[in-house]
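What follows is one structure encoded as structure tokens, with my remarks underneath.
Coordinate-derived values only; no laboratory data. No experiment lies behind these values; they were computed from the predicted model shown. All Cβ positions, even for glycine, are placed from backbone atoms using ideal geometry, and neighbour counts span all protein chains on display.
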Amino acid sequence: MPRSNHPRRRTPANGGRTGGKAAGGPGAAGEEDLDLDRARLGIPQRESAPDGEWAVRTITARNAQKVYTCPGCHRPVQPGTPHLVVWREDDMFGAEAGLRDRRHWHNNCWRGRSYWYR
């Protein structure tokens, strides 16, 4: 006879299957377990500075896969290093030009750049 004081195991809605959209896996309609970091990092933050409006997107160490040169210190941003991608929101030639001219900055270089205006 089963013990009634133990909670019963909840079975997945898809009958225990894992995998693609047909099986209720990632990308299925009504998916509730979202990757919150990915959702949060997908939207750039707006920052105002004396030289204009900037869009700043955070890149995690997991997503940093190439070598870039930081315009603040002119040193490489190595793969696996969390950093920022920055572009002008109010570019003279339009939003597409600002996005096309985006740059990868070290976090400290971007934060310290406010001292350039003093």
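For the reader, a short list of remarks on this structure follows.
- Neighbours of residue 66 by Cβ distance under 14 Å: Lys/Arg scored +1, Asp/Glu scored -1, total +3.
- Modelled spin-label separation between residue 113 and residue 61, with each label point placed 7 Å from Cα along the Cα-to-Cβ direction: 2.4 nm.
- Straightening the chain between residue 91 and residue 103 buys 3.0 nm, computed as 0.36 nm per residue apart minus the Cα-Cα spacing.
- With K and R counted +1 and D and E -1, the other residues having a Cβ less than 15 Å from that of residue 79 yield a net charge of +3.
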